[in-house]
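Novice: Can you read through this structure? Questions will come right after.
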Amino acid sequence: MTPVCADTPCLILDRLRLQANCRRFLERADQLGVTLRPHVKTAKSADVARVACGGQPGPITVSTLLEAQRMVAAGFTDLLYAVTIVPARFERALALAGQPGVHLRLVTDSLPVAHQLVEATSAAGTDIDCLVEIDCGEHRGGLLPDDPLVLEIGAVLDTGRRTRLGGVMTHGGQSYGARGPASVPRIAAIERDAAVTAAGRLGNAGLPCPVVSVGSTPTFLHAEHLAGVTEVRCGVYVFFDVSQAERGICEIDDLALSVLSTVIGHNRAGARLLLDAGGLALSKDLGASGAGGHPHYGLVCHAETLEPLGLVVDTVYQEHGCVPVADPAWYERLPVGARVRILPNHACMTAAGGYGQYLVLDEGRLVARWPRFDGW
């Protein structure tokens, strides 16, 4: 592993696994008759986004305006900013939307913001689509499908001189808390029905609803059908992670992202190995970890083969990760200076740990260095 990375921790991306994951989801979208709009918040990388989009410049989903700016600069022109817009961000959003060929969609669940957006777009002379966010049960954001505000916001956006009612969107985020895949089809149906119901109400009121957008990795994989839906947004599938594997959403062999780390100490009194990958390298997000046993922050694997060693990172400090070992023989198997790879519990949060690049491997060989970006 020394030729791959002189120092650790660093992000390792398996290109073949990435490609297989992305191909699987593009094929699934074709089967269900919807457009796949990959969420780039997972990777924050134009190179990964190109693979996810099958080599095309979109469509994509972003979670920050910086992501939108970087992706537009990389040639992506069809973007949904899937975080409810606030007036302080109008100027940046409208500047992006005003660039030639760029189609940026916004989202709101606020009637006052809808009115303010109408005024801002008129003053800027910039056309923009805005979707109404629907709450399908996670209760993070959005309006319930039968909330009167859905129609009120839709009417305001539709009558604006420069705004267009783009449709509705929702996110079945509660699917990430499912104990296994058996319960996910029901959550997928709730997600789908919430969006389709809201879209139907808009249509019955004579309002346009060209986009009916849903999505999470588990619900997309396990939805029985997506009748009435036009597009799906999901992101973690490009890498997958231990949380998804422990929930039965994917297999360990699907995981494309890992963290290369060095053993920096042996604490025999505490029966632990000490790694240089701590909370900043792995994140402190337990997520759904623990479905298959004790909660942890990642699986420790062989540095070259990525074969799980039966060890986990169970405690993290800022720059330290602790690996409990019941057998003292591990001190000889993994001496100080040895390297391991960690399959992260939550790939999105791990990748956001401040790494500047992905080291891309193809059958164990370093074939590329793909830059990534952070910030808002």
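The values are calculated or read from the model by the stated rules, or taken from the named source; none is laboratory data. Since this is a predicted model, take the numbers as computed values, not measurements. Neighbour counts are summed over all protein chains in view; Cβ atoms, including those assigned to glycine, are modelled from backbone coordinates with ideal geometry. We work out accessible area using only protein heavy atoms, side chains counted, and drop any ligands, DNA or RNA first. Shrake-Rupley method; radii C 1.70, N 1.55, O 1.52, S 1.80 Å.
Residue-wise test of (1) at pLDDT below 95; (2) open to solvent by less than 50 Å² (accessible area, probe 1.4 Å); (3) within 30 Å of residue 65 (Cβ to Cβ).
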| residue | (1), (2), (3) |
| --- | --- |
| 276 | no, yes, no |
| 291 | yes, yes, no |
| 299 | no, yes, no |
| 317 | no, no, no |
| 325 | no, yes, no |
| 339 | no, no, no |
| 345 | yes, yes, yes |
| 363 | yes, no, no |
| 373 | yes, yes, yes |
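Novice: Let me ask something else. Considering only residues that are without any contact (Cβ under 8 Å) to a residue 12 or more places away in the chain and either under 17 Å from residue 195 (Cα atoms) or β-branched (Val, Ile, Thr) (or both), which ones fall in segment 99-143?
Specialist: Within segment 99-143, just 139 meets the criteria.
Novice: Would you point out which residue out of 165, 149 is modelled with pLDDT of 95 or more, in contact with a helix residue (DSSP H, G or I) (Cβ under 7 Å, 6 or more places away or on another chain) and buried (at least 17 other Cβ atoms within 10 Å of the Cβ)?
Specialist: Within the list 165, 149, the selection yields 165.
Novice: Another question about this same structure. Among the residues of segment 184-195, write down those that are crowded, with 21+ Cβ neighbours inside 10 Å and free of Cβ contacts under 8 Å to residues at least 40 places away in the same chain.
Specialist: 188, 192
Novice: What residue, of 314, 327, is charged (D, E, K, R), more than 19 Å from residue 51 (Cβ to Cβ) and touching a His at 6+ places or on another chain (Cβ under 6 Å)?
Specialist: Checking each option against the conditions leaves just 314.
Conditions tested, residue by residue: (1) among the aromatic types (Phe, Trp, Tyr); (2) within 30 Å of residue 361 (Cα to Cα).
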position	(1), (2)
211	no, no
220	yes, yes
228	no, no
239	yes, yes
245	no, yes
260	no, yes
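Novice: For segment 88-98, give me the residue count where each residue is closer than 24 Å to residue 170 by Cα and either outside any helix (DSSP H, G or I) or without any contact (Cβ under 8 Å) to a residue 24 or more places away in the chain (or both).
Specialist: Total satisfying the criteria: 1.
Novice: Only one residue in 219, 230 is modelled with pLDDT of 95 or more and more than 22 Å from residue 130 (Cβ to Cβ). Which one?
Specialist: It is 219.
Novice: State yes or no: is residue 85 touching a Cys at 6+ places or on another chain (Cβ under 9 Å), closer than 24 Å to residue 169 by Cα, free of Cβ contacts under 8 Å to residues at least 24 places away in the same chain and of a type outside the set (Asp, Glu)?
Specialist: no
Novice: When residue 175 is evaluated against the numbered criteria (1) in contact with a Leu (Cβ under 9 Å, 6 or more places away or on another chain); (2) open to solvent by less than 50 Å² (accessible area, probe 1.4 Å); (3) part of a helix (DSSP H, G or I), which criterion, by number, is the only one it fails?
Specialist: (1)
Novice: Which count do you get for residues in segment 61-71 that are without any contact (Cβ under 8 Å) to a residue 40 or more places away in the chain and under 20 Å from residue 360 (Cβ atoms)?
Specialist: Total satisfying the criteria: 1.
Novice: Would you be able to say whether some residue in segment 265-272 is within 20 Å of residue 354 (Cα to Cα) and either out of contact with any Leu (no Cβ under 6 Å at 6 or more places or on another chain) or of a type in the set (Gly, Ala, Ser) (or both)?
Specialist: No, segment 265-272 has no match at all.
Novice: Across segment 155-166, what is the number of residues that are touching a Gly at 6+ places or on another chain (Cβ under 9 Å) and under 17 Å from residue 195 (Cα atoms)?
Specialist: Within segment 155-166, residues that are touching a Gly at 6+ places or on another chain (Cβ under 9 Å) and under 17 Å from residue 195 (Cα atoms) number 1.
Novice: Filter segment 349-361 down to residues that are over 12 Å from residue 9 (Cα atoms) and at pLDDT 95 or above and give me whichever is farthest from the chain's Cα centre (by Cα).
Specialist: So, considering only residues that are over 12 Å from residue 9 (Cα atoms) and at pLDDT 95 or above, the one farthest from the chain's Cα centre (by Cα) is 361.
Novice: Kindly indicate which of 233, 247 is in contact with a strand residue (DSSP E or B) (Cβ under 8 Å, 6 or more places away or on another chain), surrounded by 19 or more Cβ atoms within 10 Å (Cβ to Cβ), under 30 Å from residue 343 (Cβ atoms) and among the basic types (Lys, Arg).
Specialist: On inspection, the qualifying residue turns out to be 233.
Novice: Yes or no: segment 205-213 includes at least one residue that is over 22 Å from the mean Cα position of the chain (by Cα), farther than 21 Å from residue 36 by Cβ, buried (at least 17 other Cβ atoms within 10 Å of the Cβ) and touching a residue at least 24 places away in the same chain (Cβ under 8 Å).
Specialist: yes
Novice: On the basis of being over 26 Å from the mean Cα position of the chain (by Cα) and acidic (Asp, Glu), does residue 135 make the cut?
Specialist: In short, no.
Novice: So for segment 96-116 (the condition being under 30 Å from residue 184 (Cβ atoms), polar (S, T, N, Q) and crowded, with 21+ Cβ neighbours inside 10 Å), does at least one residue qualify?
Specialist: Yes: segment 96-116 contains one or more residues that are under 30 Å from residue 184 (Cβ atoms), polar (S, T, N, Q) and crowded, with 21+ Cβ neighbours inside 10 Å.
Novice: Which one of 137, 141 is more than 29 Å from residue 99 (Cβ to Cβ) and not in a helix (DSSP H, G or I)?
Specialist: That would be 137, the only listed residue that is more than 29 Å from residue 99 (Cβ to Cβ) and not in a helix (DSSP H, G or I).
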